[in-house]
Structures are given as structure tokens and as C-alpha cells.
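Inspection log for the structure reproduced underneath, given as C-alpha cells.
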Amino acid sequence: MSTLPHHVIESFVHIRIVNSTTIAAVTVLTWDYLLTLPDEVALVWPSSWTLSKCLFLLNRYFAFIDPIMLIYVLMVEDDVEACVSKFHTLAYICVLGFIVGQCILILRAYAVWGTHFNNLFAVMFCIILCTFGLAVWAESKYLGGVFSTGVPAKGMRGCTLFFKNRLLWIDLVLVTVVEFTSTGLLVIKAIQHFRITRSSLMTTIYHDGVLYFACVLATTVANLIVVLSASADINNFLIVVQRVLHSVLCSRVLLHIRSAYKAQQRHLTGDSLPPIVISQITEPSSDSLWPSDHSEFHNGRRNHSPN
């Protein structure tokens, strides 16, 4: 009785790993969505349309598009050209999703700092925009090396994808740089704030920010190892995991901040964060990243000082 060559068996094992990982990621995304939907309905839906709300909804619902498209490409599609074109589309949607998540973190960092270091933040924002452009360029070069051989075997469905280069590591490093910058700014401000008071809102922002960065850093390191060392047909299978985790954690960060702010409004009568600190995260007065008036910070502190 003849046996299949080792490389054929290995290819089928890789296909099973990629398919199972993608399905597991979509399952986690759906499970988390159902868990946090009541909070979204209570904290986000009634609020006015602002920049933070738009970013939240984009981050929340875009995350379903590219993983589900990937499942279709890997398990249903059987046309070679359609496989490659659909993969290109979902890959750019994935990049857009990461950029939306980064914008949420930048917005959070700026909101925490308030009107301090406006010029510094303007420069940093321009630099981060350049990193977004570099990420799109790296992604286009990476996708230029994607090709498909069609179905894995006669009688099967789904595409087998191969990758001629490993330039995906550039995008992963850029994500880490932006995450590190926004988290570093958050930690610095949290330390300064905790010397004065320990409001529940600032504790929530700090705790979620550090936990978020730790999770993303762990998945990024794992992704880098896989991208740089795994075989060509499996070296990006953890990207969908990071994509889902990125979306889930960003959504939870905003929901937790809104929840803590509501609790602070209901229960705290002493020292609290001034309105400008949470204005762009919870209920900003405009769709701008920039607070409108430096004096609002001082007015907010007077209005929130104990009688």
C-alpha cells in the first residue's frame, strides 16, 4: 500500500492548522461581541456621533469582515485568480482595521494628556501618519509575492496560498512602535496623576492600557517568530489571531473607560479627572482630536474640586 510523500502530508497539516486557527479566531471574536454587546448598547449607542464613537464602531465591526473573508478563501473559493484578488482585498481591510485601532490608542493618549504638549503631539501625529503610509507600502510589497495553486487536491475546495517574501514583519514592528509610544505616554501621565489622586477612571485607563500592550506585545513577538521562521504556506497564520485580539482589546478599552466615567459621575463627589481628560474618549464636544480651549482644563478642575 503506497503512502503519500512527506511534503504532501505536511501541506495538509499546515492547511488544517491555518483553517482551524482562523475559525477559532472568528469564534473568539463572536463570543466577545455577544458578551460585550449589552455594554455597547448601554454606553455607546445612546451617545452622540463623535470621532471616538465612529472609531469604536469601525474597529468593532470591521473585524468581522476580513476573518470571514479569509475563511471563505481558505475553505470555499476554488478559482486561482479569485483567491489572490480576495486575499488582497481582505489584507488591506486588515491593515485598515489595525490603523483604526492605532487611532483609538492615539486618541486615548492625547485625551489623557489634555492640552499639554500640543506641538509635540502634532509632530508625533505626523510621524505616526508616516508609519501608517509605510505600513501600507510594506503590505503592498508583501502582497506582491502572494500566489495560489488553487485547491489543495482534486475534489477539495478552498485555496492554497503561498508567499514569496516575509515583509509582513515590517508591519508587525510598526504596530509595536505605535503601541509602545501610546502606552509610554499613558504610563507617564498615570504616574504623574497618581501622585495627586487615584481616581477610578485613571486607574481603569492605566490598567487597561498596560494589559492591552502586554497582550499585543506577546502576540506580536509570536507573529514575528512565525513570519520569519515558518514555511511559506503557514508563516502568517497567527495574523488573524492578532487582528481579532487587537480589535477585541481596543473595543474593551473604550467600553471600560466609558463605564468607569459613568460610575465616577454617579458615585464620586471628591477629586476626579477634569472633563478635558475624558472628553475625547467618552463624550467629546466635537469630532476633533484637539481640545478646543486650554482654559477648559482649569475650569474643569475648579468645577470638580470638593466644596
Within the range 249-274, track down each residue that is under 13 Å from Thr204 (Cβ atoms), small (Gly, Ala, Ser) and modelled with pLDDT of 60 or more. Ser259, Ala260, Ala263
State which residue pairs qualify: first residue surrounded by 11 or more Cβ atoms within 10 Å (Cβ to Cβ) and inside the range 1-26, second residue at pLDDT below 70 in any location, beta carbons under 6 Å apart, and separation of 6 or more residues or different chains. none
For residues in the range 40-57 being more than 19 Å from the chain's Cα centre (by Cα) and assigned to a helix (DSSP H, G or I), which is farthest from Ala260 (Cα to Cα)? Val41
Would you say Cys83 is part of a helix (DSSP H, G or I) and surrounded by 18 or more Cβ atoms within 10 Å (Cβ to Cβ)? yes
For Phe64, state whether it is among the hydrophobic types (A, V, I, L, M, F, W, C) and buried (at least 19 other Cβ atoms within 10 Å of the Cβ). no
Which residues, counting only those in the range 221-244, are assigned to a helix (DSSP H, G or I), buried (at least 21 other Cβ atoms within 10 Å of the Cβ) and touching a Ser or Thr at 6+ places or on another chain (Cβ under 9 Å)? Val240, Gln242
Please go through the range 135-189 and pick out each residue that is among the basic types (Lys, Arg), more than 30 Å from Ile205 (Cβ to Cβ) and either modelled with pLDDT under 80 or within 27 Å of the chain's Cα centre (by Cα) (or both). Lys141, Lys154, Lys164, Arg166
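The values are calculated or read from the model by the stated rules, or taken from the named source; none is laboratory data. All figures in this text were calculated on a predicted structure; none of them were measured in a lab. Glycine also receives a Cβ, built like all others from the backbone with ideal geometry; neighbour counts cover every protein chain displayed.
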